[in-house]
Amino acid sequence: MTKTHKIAVVPGDGTGPEVVAEGVKVLETLAEIHGFGLKFADYPLGGDHYRATGEILSDETLASLGESDAIYLGAIGHPDVKPGILEKGILLKLRFHFDQYVNLRPVKLYEGVDTPLKGKGPEDIDFVVVRENTEGLYAGAGGHLKRGTPDEVAVQESINTRKGVERCIRYAFEYCQKRDKAKKVTLCGKTNVLTFAFDLWERTFYEVAEEYPDIRTDYAHIDAICMWMVKNPEWFDVIVTDNMFGDIITDLGAMIQGGMGIAAGANINPQGVSMFEPIGGSAPKYTGKGIINPIAAISSAQLLLETLGEEKAGSMVEKAVMKVLRNDIKDVAAGKMGFTTSEVGDLVVEHIRKNLG
Ligand code: IPM
Ligand code: MN
C-alpha cells in the first residue's frame, strides 16, 4: 500500500496563491516519482474570504484542517483589513491551535545568490533558527487600562513556561544532532535585562545540554547576535530563541541569505499537524503579476516533505532549487528573475526530472 499524505492548502492573500501553485506543482512531481500519494484540499482563508463571508477562521475549519497530515500556506495579510485581525485570527491561531511549538527557519546562502554581507559566501552562511512559536510576547497576555485617556496603561507580558521552553530547546539539540554539521547550539536571549524569562531559558538550556555531551553550547544576547549574524555568520549552526527575538532575527537571516523570495519556514508540532509557509508576506504590490519568486514556497514544500518522512523527495527539491539559483535565474528579487513565477516552478520540476536519469 502506498502512503497518501493529506495536505491542506491555504493559498491565502496577495501573492500567496501564485507561489503555492508552484509548490503544489513540485509536490505532485515528487509524488509521481517516489510513488507516494498526495491528497490536496483547498481552504479559502484570508482577507478576501473574510471580507466576503465574515469568517476569519471558524471552529469547523479548524477541525477540518486537523484531519490533514500537514498544512501548506501561502501568505496572510490584506491591505484593506486592519493589521492584526488576519495575522492573529488566522496565522497565530493556527500555530497556537495546532501547538506548533517550533518555528524552524533555515538561513542558507545558496551558490549564485548575492548576500549583502561583504566577503561572505555559501560556506559562511548556513545555520538554522529554532524559534519558540507558541509563547513569549505572542501569547497575548496583558491588557489596557483607561484606554484613550491621559492615564492610559498598556501591559503586554511575555509568557515562558518550563514545558514550553524545554520542548523547544530539546528540539534544537535534537535537530542539531540530526543536522550533524558544526554540532553547536547557541541560545539567544537577554539575560542581562530580562532576568526572569531568560533565567528560565538559560537554566533549561544548560540542563538539556547535559543530555547532548557532543554538542557545544554558546550564548548571545539578542542585540549582540544581530551584530554577529552580520559580522560572523559562520559562527552559527543552530540558534534557539524565544518567539519575539526569533521573529526579528529571522528577517535579518532572510536578508543575509539573499532575500524574502527564498526564505522558507516550518511551524512544527512533532506529534501533530505542522504548517509550512514562506517567511515573506502577501506582497500586494506584486500580486497577480506573475513576477514573485516561488522558491521560498518551494523550499517550504521541501521542509513539508522532510517532516512527513519523505526525506529523499525533500533532498531532490533542494538539489533542483540549487540548480535553478546557480544556473537559471538572474536575481532572486521579484521582477528581476528573468523568468515568471510559473516558469521558475517549471525549472525546478525540470531539474528534478533530469536528476533522475
Ligand atoms: C512571521 C510573521 C508573523 C509573526 C506575523 C505576520 C504575525 O512576521 O511569520 O514571522 O510575527 O510571527
Ligand atoms: Mn516575522
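The values are calculated or read from the model by the stated rules, or taken from the named source; none is laboratory data. Keep in mind that this is a model prediction, so the values were computed, not measured. For neighbour counting, all protein chains shown are included, and Cβ atoms are generated from backbone atoms with ideal geometry for every residue, glycine included. Ligands, DNA and RNA are excluded from the accessible area calculation, which covers all protein heavy atoms including side chains. Shrake-Rupley method; radii C 1.70, N 1.55, O 1.52, S 1.80 Å.
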So Ile268, is it of a type in the set (A, V, I, L, M, F, W, C) and away from ligand 1 (no atom under 13 Å from the Cβ): yes
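For the subset of the range 59-91 comprising residues that are charged (D, E, K, R) and within 14 Å of ligand 1 (Cβ to nearest atom), which member is nearest to Ile298 (Cα to Cα)? Outline the logic, then answer.
Taking the range 59-91 as the starting set, the residues that turn out to be charged (D, E, K, R) are 59-60, 67, 69, 80, 82, 87-88.
Filter once more, keeping what is within 14 Å of ligand 1 (Cβ to nearest atom): 82, 87-88.
Details: Lys82: 29, Glu87: 22, Lys88: 25 Å.
Filtering first and then ranking leaves Glu87.
One line per residue, one yes/no per condition, for (1) touching a His at 6+ places or on another chain (Cβ under 7 Å); (2) at positive phi:
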{"position": "Glu18", "(1), (2)": "no, no"}
{"position": "Leu38", "(1), (2)": "yes, no"}
{"position": "Asp42", "(1), (2)": "no, no"}
{"position": "Thr53", "(1), (2)": "no, no"}
{"position": "Thr61", "(1), (2)": "no, no"}
{"position": "Gly74", "(1), (2)": "no, no"}
{"position": "Lys82", "(1), (2)": "no, no"}
{"position": "Asp99", "(1), (2)": "no, yes"}
Any hit, the range 252-261, residues being more than 12 Å from ligand 2 (Cβ to nearest atom), assigned to a helix (DSSP H, G or I), at pLDDT 95 or above and touching a strand residue (DSSP E or B) at 6+ places or on another chain (Cβ under 7 Å): yes
Cβ-Cβ under 7 Å pairs, at least 6 apart or on other chains, the range 145-167 side within 15 Å of Glu207 (Cα to Cα), far side among the polar types (S, T, N, Q) and surrounded by 10 or more Cβ atoms within 10 Å (Cβ to Cβ): Arg162/Thr204; Gly164/Thr134; Val165/Thr204; Glu166/Thr204
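Those residues that are closer than 20 Å to Asp80 by Cα, outside any helix (DSSP H, G or I) and either out of contact with any Pro (no Cβ under 7 Å at 6 or more places or on another chain) or not assigned by TED's automatic domain parsing to the domain that holds Lys82 (or both), I need them from the range 11-36; list them, please.
Gly12, Asp13, Thr15, listed by residue number.
Whether any residue in the range 97-109 is touching a Ser or Thr at 6+ places or on another chain (Cβ under 7 Å) and within 16 Å of ligand 2 (Cβ to nearest atom) is what I want to check.
Yes, there is a match, as at least one residue in the range 97-109 is touching a Ser or Thr at 6+ places or on another chain (Cβ under 7 Å) and within 16 Å of ligand 2 (Cβ to nearest atom).
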Only one of Leu200, Leu303 that is on the phi < 0 side of the Ramachandran plot and either modelled with pLDDT under 95 or within 16 Å of ligand 1 (Cβ to nearest atom) (or both): Leu303
Options Glu234, Glu211, Glu202: the member that is open to solvent by 20 Å² or more (accessible area, probe 1.4 Å), touching a residue at least 60 places away in the same chain (Cβ under 8 Å), more than 16 Å from ligand 2 (Cβ to nearest atom) and of a type in the set (D, E, K, R): Glu234
Candidate set from the range 92-139 (those that are in contact (Cβ under 8 Å) with a residue 12 or more places away in the chain and of a type in the set (Gly, Ala, Ser)); member that is nearest to ligand 1 (Cβ to nearest atom): Gly136
Which listed residue is crowded, with 22+ Cβ neighbours inside 10 Å, modelled with pLDDT of 95 or more and not assigned by TED's automatic domain parsing to the domain that holds Pro11, from Thr217, Thr241, Thr195: Thr241
Members of the range 262-310 that are closer than 28 Å to Gly35 by Cα, assigned to a helix (DSSP H, G or I) and not β-branched (Val, Ile, Thr): Ala296, Ala297, Ser299, Ser300, Ala301, Gln302, Leu303, Leu304, Leu305, Glu306
Of all residues in the range 125-163 being among the charged types (D, E, K, R) and over 25 Å from Leu94 (Cα atoms), the one that is least open to solvent (accessible area, probe 1.4 Å): Asp126
Criterion violated by Val324 - all others in (1) touching a His at 6+ places or on another chain (Cβ under 8 Å); (2) surrounded by fewer than 19 Cβ atoms within 10 Å (Cβ to Cβ); (3) of a type in the set (A, V, I, L, M) satisfied: (2)
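For Pro17, are the conditions met, namely being over 21 Å from Ile352 (Cα atoms), modelled with pLDDT of 95 or more and within 18 Å of the chain's Cα centre (by Cα)?
When the stated conditions are applied, Pro17 passes them.
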Output for the range 150-200, where each listed residue is touching a Ser or Thr at 6+ places or on another chain (Cβ under 8 Å) and not aliphatic (A, V, I, L, M): Arg162, Gly164, Glu166, Lys184, Thr186, Cys188, Gly189, Phe198, Asp199
Selected residue [among the polar types (S, T, N, Q) and in contact with a Gly (Cβ under 9 Å, 6 or more places away or on another chain)] from Thr186, Thr134, Thr191, Thr195: Thr134
